[in-house]
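Engineer: Sending over a structure as structure tokens; questions will come in a sec.
The values are calculated or read from the model by the stated rules, or taken from the named source; none is laboratory data. Predicted, not measured: the structure shown is a model, and the values here were computed from it. Please note: Cβ atoms are built from the backbone with ideal geometry, for glycine as well, and neighbour counts cover all protein chains shown. Side chains are part of the model used for accessible areas, which takes the heavy atoms of the whole protein and leaves out ligands, DNA and RNA. Shrake-Rupley method; radii C 1.70, N 1.55, O 1.52, S 1.80 Å.
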Amino acid sequence: MEIIRYDHISLVRGDINDFEFYYGLKCEESNIKWSGFIGKPDREKLFSWYKNNVLDKKYEFFIIKNNNTYVGALYFKFNSTESCEFLGIGVSEKEQGKGIAVFALKRFIEYIIKNYPSCKIITTLIREDNLKSQQAFKRAGFLFSGKIEYKYLSSIARKIKMQRFEIELN
């Protein structure tokens, strides 16, 4: 198995040229499952979301690279000057299980500390049944807050239990 080094993982701000990679990532079976969908996303709808949220900078969106190879994506938004909500991370199926998500999350935390010094806490919701994501966030320093939320997923026509994870920044 390939050894992944922390200094090889970088976050690069996404732009219009990254959409095709992101679309391919969102079409992978594991990404479909954990995103709560029942099938591949409609390309035009996802492109519209990408333009409205990523290119218009409503969210901060990054491509995760291992050396110069695209391996995933992550995005987040600020709720206030002191709070950041982490919205999503996806690592390509062929790159999963190598620690890339943990390293990318640590890079993300470094980015927040450097660029948003007023941010005191980062929060995220993770599906209760997504144990691998929970483990990655814990390894990156996040803790389960004890808070539970239920989110309705139209793809499965029911509410799912989400656990809130947080990391306090100094």
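Engineer: Return the residue satisfying two criteria in turn: it lies in segment 123-136 and is within 22 Å of Ser80 (Cα to Cα) and not hydroxyl-bearing (Ser, Thr, Tyr), and of such residues it is least open to solvent (accessible area, probe 1.4 Å).
Structural biologist: Keep residues of segment 123-136 that are within 22 Å of Ser80 (Cα to Cα), which gives 123-126.
Of the ones still in play, those that are also not hydroxyl-bearing (Ser, Thr, Tyr) are 125-126.
Numbers: Leu125: 41, Ile126: 9 Å².
Per the criteria, the residue is Ile126.
Engineer: Enumerate the pairs (first residue in segment 107-118 and open to solvent by 70 Å² or more (accessible area, probe 1.4 Å); second residue anywhere and part of a loop (DSSP other than H, G, I, E, B)) with beta-carbon separation below 6 Å, excluding pairs fewer than 6 apart on the same chain, so at least 6 apart or on different chains.
Structural biologist: As it stands, the answer is Ile113/Leu169, since those pairs meet every condition given.
Engineer: Next up: Aromatic (Phe, Trp, Tyr), out of contact with any Asp or Glu (no Cβ under 9 Å at 6 or more places or on another chain) and within 30 Å of Pro117 (Cβ to Cβ), is that true of Phe62?
Structural biologist: On the way: aromatic (Phe, Trp, Tyr): yes; out of contact with any Asp or Glu (no Cβ under 9 Å at 6 or more places or on another chain): yes; within 30 Å of Pro117 (Cβ to Cβ): yes.
Yes.
Engineer: Tally up the residues in segment 61-88 that are polar (S, T, N, Q) and closer than 18 Å to Ile9 by Cα, please.
Structural biologist: Step one: list which residues in segment 61-88 are polar (S, T, N, Q), which gives 66-69, 79-81, 83.
Checking the rest, the ones that are also closer than 18 Å to Ile9 by Cα come to 66-69.
The qualifying residues number 4.
Engineer: In segment 61-78, how many are open to solvent by 60 Å² or more (accessible area, probe 1.4 Å) and either of a type in the set (Lys, Arg) or under 16 Å from the mean Cα position of the chain (by Cα) (or both)?
Structural biologist: Residues in segment 61-78 being open to solvent by 60 Å² or more (accessible area, probe 1.4 Å) and either of a type in the set (Lys, Arg) or under 16 Å from the mean Cα position of the chain (by Cα) (or both): 3 in total.
Engineer: Here is a further query. Across segment 1-33, which residue is nearest to the chain's Cα centre (by Cα) among those that are of a type in the set (A, V, I, L, M, F, W, C) and open to solvent by 90 Å² or more (accessible area, probe 1.4 Å)?
Structural biologist: Of everything passing the filter in segment 1-33, Ile3 is nearest to the chain's Cα centre (by Cα).
Engineer: Considering only residues that are touching a helix residue (DSSP H, G or I) at 6+ places or on another chain (Cβ under 8 Å) and open to solvent by 60 Å² or more (accessible area, probe 1.4 Å), which ones fall in segment 34-50?
Structural biologist: The answer is Trp34, Ile38, Lys40, Arg43.
Engineer: Hey, another quick one. Conditions first: (1) out of contact with any strand residue (DSSP E or B) (no Cβ under 9 Å at 6 or more places or on another chain); (2) open to solvent by less than 30 Å² (accessible area, probe 1.4 Å). Thr81 passes all but one, so which condition is the exception?
Structural biologist: All conditions are met except number (2).
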